Amino acid sequence: MLVVVEQPGERDVAPAEGQRRYETMQRFAADLDAQGKLVTAQSLLTPEESSVRIRHHDGARTMVDGPFAEAKEIIGGFFLLTVETRDEAVAIGNACPAAEWSIIEVRELGPCWDGAR
């Protein structure tokens with residue numbers, strides 16, 4: 001998975017720059033799709049003002065509405081890929097246009113819990 005990590009306010013750009021970024025990312029996603037490497041992609045989670053955190057602890061359930069503590073980074077979107085190797089995923093991450101204005105984090109999907117550790 002390529003995770004686009006942005007700084008808060010990073011999308012506060014002039015409309016022309018926003019359109020340029022959007023179109024560049026759309027072409028990037030379409031190219032990955034044409035290569036058969038893209039499973040799915042999303043561009044942004046909704047603002048945390050509309051989010052809720054749910055926790056079950058010691059038999060009690062709590063829900064806290066956003067916004068939460070000030071974030072230093074936000075998830076700006078993701079690309080879920082099908083690739084053969086980590087090196088291939090890293091190469092795609094290096095080619096991601098969002099690396100111009102954000103950080104691209106390459107993560108492998110793994111088990112929820114591995115009892116062998």
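The values are calculated or read from the model by the stated rules, or taken from the named source; none is laboratory data. Computed from a predicted model, the values in this text were never measured in an experiment. Methodologically, a virtual Cβ is constructed for each residue, glycine included, from the backbone with ideal geometry; neighbour enumeration extends over all protein chains shown. All accessible areas refer to the heavy atoms of the entire protein, side chains included, with ligands and DNA or RNA removed. Shrake-Rupley method; radii C 1.70, N 1.55, O 1.52, S 1.80 Å.
Quick rundown of the values:
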item: Extension gain, SER51 back to ALA30 (0.36 nm per residue minus Cα-Cα distance, nm); result: 4.6 nm
item: The stretch 52-114: chymotrypsin sites (Phe, Trp or Tyr not before Pro) in DSSP coil with no more than 14 other Cβ atoms inside 10 Å; result: PHE68, TRP113
item: Sites THR62 and GLN42, calculated FRET efficiency, Cβ-Cβ separation with R0 22 Å, nearest 0.05; result: 0.20
item: Rounded accessible area of THR82 (nearest 10 Å², 1.4 Å probe); result: 80
item: About the Cα centre, charge dipole magnitude for the chain (Lys/Arg +1, Asp/Glu -1 at Cβ), debye; result: 240
item: Stretch gain in nm, segment ALA91-ARG11, where the contour uses 0.36 nm per residue and the Cα spacing is subtracted; result: 26.3 nm
item: For the stretch 1-78, diffusion coefficient by Stokes-Einstein and Kirkwood Rh (Cα), 25 °C, 0.890 mPa s, µm²/s; result: 163
item: Loop sites in the stretch 8-117: GluC sites (Glu not before Pro), DSSP, at most 11 other Cβ within 10 Å; result: GLU70, GLU84, GLU108
item: Virtual spin-label span in nm between TYR22 and TRP101, 7 Å along Cα→Cβ; result: 1.1
item: Karplus-derived HN-Hα couplings along the stretch 40-45 (A = 6.51, B = -1.76, C = 1.60, θ = phi - 60°), whole Hz, x at Gly and Pro; result: 6, 8, 9, 9, 6, 7
item: Solvent-accessible area per residue, Å², over the chain with all protein chains present [probe radius 1.4 Å]; result: 75
item: Charge-dipole axis of the chain as Lys and Arg at +1 and Asp and Glu at -1 on Cβ define it, positive-most pick from GLY66, VAL13, LEU44; result: GLY66
item: Whole-Hz ³J(HN,Hα) from phi, Karplus 6.51 cos²θ - 1.76 cosθ + 1.60, for the stretch 21-27, glycine and proline x; result: 4, 4, 5, 4, 5, 5, 5
item: Apportionment of accessible area to carbon and sulfur, the chain, percent (1.4 Å); result: 53
